[in-house]
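Participant: Input: one structure, supplied below.
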There are 2 protein chains.
Amino acid sequence: MGSKLKDVAALAGVSVRTVSNVVNNPSAVAVATRERVLAAISETGYRPNLAARYLRQGRTGQIGLAIPEVGSPYFGELAGLLIEKAHERGWTMLIDQTAGRAERERYLLSGAEGHVVDGLIISPWSLAPEEIGQLAGSTPVVVLGEIDPCGTADHLAVDNVAAAREATRHLLARGARRPAALGPQPTHRNGTAALRLRGYREALTEAGMRQDPAYEIAVTSLHRPEGHRAMLRLMGLENPPDAVFCFTDELALGALRAAREGGLRVPEDVALIGFDDIEDGRYSTPSLSTVSPDKDGLAERGLQLIADRLYGRLDALPARRVTAPHVLVHRETS
Amino acid sequence: MGSKLKDVAALAGVSVRTVSNVVNNPSAVAVATRERVLAAISETGYRPNLAARYLRQGRTGQIGLAIPEVGSPYFGELAGLLIEKAHERGWTMLIDQTAGRAERERYLLSGAEGHVVDGLIISPWSLAPEEIGQLAGSTPVVVLGEIDPCGTADHLAVDNVAAAREATRHLLARGARRPAALGPQPTHRNGTAALRLRGYREALTEAGMRQDPAYEIAVTSLHRPEGHRAMLRLMGLENPPDAVFCFTDELALGALRAAREGGLRVPEDVALIGFDDIEDGRYSTPSLSTVSPDKDGLAERGLQLIADRLYGRLDALPARRVTAPHVLVHRETS
């Protein structure tokens, strides 16, 4: 409780200035020293007074994370990784969820100017690209996936078009003749779903196959209940698909349940592949094929983009675009 | 960006004082007025400067949530509900994960004294009950589940003994003769697992059945891989169980996968029931029977306990103990 900077310094056997560096500019401190200081911080229970720290340094040591839903497995796993990696840098991650609502996204982005956080990682859903940079002002902002901020902020995503093309090619290579796409969101033209739809269509064109609008099933959310509902619609077609590329694993798991309820064998009667590689899909029966984004890399790069601007005086640099790798994971549903 | 209290007040047609009340003491403002002001706050993008607010009022408007893992479905769903309900009260929820480590729990609890948060909801794993109240000091703390703080802080949980007894009784009523318990954690004597084990044993005793240590399978984590591993052990017994009460849904989903891989029919050869009612289990095949804690009620009561102490001058009151309701949900695995 009453632990002070100097208690931490004494325990770690370093100067007060070094402790301060670990808290405020960890990359300036050698790894071994940093680890000793962080251990001493834990042991003494030292915590910088937030208000005092802000007034002294203009920094709070907090990084914001604004995601649509904490409870979705993909964002939950990613948030967990970000928190762990932020701790390694001496930062506390402040997580908030937007439910994809424009006013919440706007509030959080403009809050970055309210000195609550030193930087913000946001996965926006509703904002227009040009709004993002305007709202953020001088605080470092990283846009994660979904909407391309078009040069108004750093952007971090997987190559959604390429990944969707690979997933669809995989279904075709396994013998699919009528592959469907479950997950387009026609009202959301600038989002990830539009990119995944493009990749699906490109793979069909590549294979000399016709695009059939009946096989592109729109959804209003990315969760299991919606995957279940959409799969029932596909199964009700006169000529139902023999393979389905689902734009998220949650949609795929809902679709899998619908297929099983309808007595279909997966993958024999209908093959499925998802996107996200959540743990859930590894343990379903049959286990779910998926596109696996490098979540660990996404978390690491997201924080590095913030750190570069916080410590590197990159304010004047143009916005960067970082593509995280992905791999196709072939399991039992395909 | 430059929005001020008075812009919000003008837009909402109220006084600056009323806006301030909505931000700092929402329960003092009529619901209709509060909603109008919150809408105006969203619209103007107003965000109180955290440091200034703290210096003026001694409050940050932030409530901390410290959970073992953001990425686990149970805690993810609960965190999502807490964030939504905190927003309704004008609070921002600051989420952190402890990974169950004592030093992280200690740091967050003592941080409650560092003026980062006005209150803290924590689900501790490693701390001794007597440490919790000591560390928290004068900041309102609610202990969620897991460890009973024994009167040193407000405690909020389901009745784990009763719930486990009901789950086991349910398996017995469906004809189980050799029900196993998957999930005890012998090294963690004061935790939820110990209470669930007690409930399981009580149900056996009630039914005049013998307790067999071979049917109590300890785990070191509460996730799918560990459920899978533990189920393989049970299946390898000379006289394998015909029903398994798993202490979490994640353990149960791992066990389900192991049973299916081993060619067992669920529930015919072995019945399963979990605990938590995560969405995952609703869409697995077969769908998972479970004990469903009232997550919505847990979130609501947790915030109310904090609010009572923040606005009600309850510092001097003894610690309270609130039990949230649960129901047994019978699905296809039992």
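Participant: What translational diffusion coefficient, to the nearest whole µm²/s, does segment B:160-293 have by Stokes-Einstein, given a Kirkwood radius computed over alpha-carbon pairs, a temperature of 25 °C and 0.890 mPa s viscosity?
Facilitator: 173
Participant: How would A:R165, B:R177, A:R101 line up from fewest to most surrounding beta-carbon atoms within 10 angstrom?
Facilitator: B:R177, A:R101, A:R165
Participant: Calculate the mean, over all residues of peptide B:219-226, of how many other protein chain Cβ atoms lie within 10 angstrom of the residue's Cβ.
Facilitator: 1
Participant: Separate question: Copy-to-copy spacing for A:G13, label 7 Å out on the Cα-to-C-beta vector, in nm, shortest first?
Facilitator: Nearest to farthest, the other copies are at 7.0 nm.
Participant: Need one value for B:68-79: mean number of C-beta atoms belonging to other chains within 10 Å of its residues' C-beta atoms.
Facilitator: 6
Participant: Quick query: amide H of A:R321 versus all other amide H atoms, modeled in the peptide plane; which residues come in under 5 Å with a sequence gap of 5 or more or a different chain?
Facilitator: The list, which skips near neighbours in sequence, is A:H155.
Participant: A further question on this structure: Treating only the Cα positions of chain B as identical point scatterers, give the base-10 log of I(q)/I(0) from the Debye formula at each q in 0.11, 0.12, 0.13, 0.14 Å⁻¹.
Facilitator: For chain B, the Cα-only Debye profile gives -0.75, -0.84, -0.94, -1.03.
Participant: Which distances, shortest first and in nm, link B:A99 to the matching position in the other copies, using label points set 7 Å out along Cα to C-beta?
Facilitator: 3.3
Participant: List the residues, sorted by chain then number, that are 5 or more residues from A:V142 or on another chain and whose placed amide H is less than 5 Å from its amide H.
Facilitator: Those lying under 5 Å, H to H, from A:V142 are A:L120, A:I121, A:I122.
Participant: A follow-up question, please. So what is the 222 nm mean residue ellipticity for chain A from helices alone, if each DSSP H run of at least 4 adds -39500 (n - 2.57) and you divide by all residues, rounding to the nearest 500 deg cm²/dmol?
Facilitator: After summing the helix terms and dividing by the residues of chain A, the value is -14000 deg cm²/dmol.
Participant: While we're on this one: Suppose every Lys and Arg Cβ carries +1 and every Asp and Glu Cβ carries -1, with no other charges. What dipole size does chain A come out with about its Cα centre, to the nearest 20 debye?
Facilitator: The dipole magnitude comes to about 660 debye.
Participant: Need one word for segment A:144-207: rounded, prolate or oblate. Basis is the Cα gyration tensor (sqrt eigenvalues a ≥ b ≥ c); a/c below 1.5 gives rounded, then a/b vs b/c decides.
Facilitator: Here segment A:144-207 falls in the prolate category.
Participant: Going by average Cβ density within 10 Å per residue, which order do the peptides B:319-332, A:243-256, B:72-85 take, highest to lowest?
Facilitator: A:243-256, B:72-85, B:319-332
Participant: Also, I was wondering about something else. Partner chain Cβ atoms within 10 Å, averaged over the residues of B:87-94 - can you pull that number for me?
Facilitator: What the average comes to for B:87-94 is 3.
Participant: Test of understanding: express the Cα radius of gyration of segment A:97-182 as a ratio to 2.2 N^0.38 Å, with N the residue count.
Facilitator: After normalising by residue count via 2.2 N^0.38 Å, the value is 1.43.
Participant: Considering every pair of different Cα atoms, what Kirkwood radius, in Å, is found for the protein assembly as shown?
Facilitator: Value: 26.3 Å, from the Cα pair sum.
Participant: Now for a separate question. Let me spell out the model: positive unit charges on the Cβ of Lys and Arg, negative unit charges on the Cβ of Asp and Glu, origin at the Cα centre of the protein assembly as shown. What dipole size does that give, in debye rounded to 20?
Facilitator: 1160
Participant: Between B:A39 and B:Q211, what is the label-to-label distance in nm when each label sits 7 Å out along the Cα-to-Cβ direction?
Facilitator: 5.9
Participant: What FRET efficiency, computed as 1/(1 + (r/R0)^6) with R0 = 30 Å and r the Cβ-Cβ distance, is obtained for B:Q134 and B:D296, rounded to the nearest 0.05?
Facilitator: Computed FRET efficiency for B:Q134 and B:D296: 0.40.
Participant: May I pose another question? Around B:R169, what is the net charge, scoring Lys/Arg as +1 and Asp/Glu as -1 over all other residues with Cβ under 13 Å from its Cβ?
Facilitator: 0
Participant: Under a Cβ-Cβ cut-off of 9 Å, what is the net charge of the residues other than B:H155 that fall near it, where Lys and Arg count +1 and Asp and Glu count -1?
Facilitator: With Lys, Arg at +1 and Asp, Glu at -1, the neighbours total 0.
Participant: Going 7 Å from Cα along the Cα-Cβ axis for the label, what nanometre distances separate A:T323 from the same residue across the other copies?
Facilitator: Nearest to farthest, the other copies are at 5.8 nm.
Taken together, the values in this text are just the output of simple stated rules run on the coordinates, not laboratory data. Just so it is clear, the model here is predicted, and its values are computed rather than measured. Note: ideal-geometry Cβ built from the backbone for every residue, glycine included; neighbour counts use all protein chains shown.
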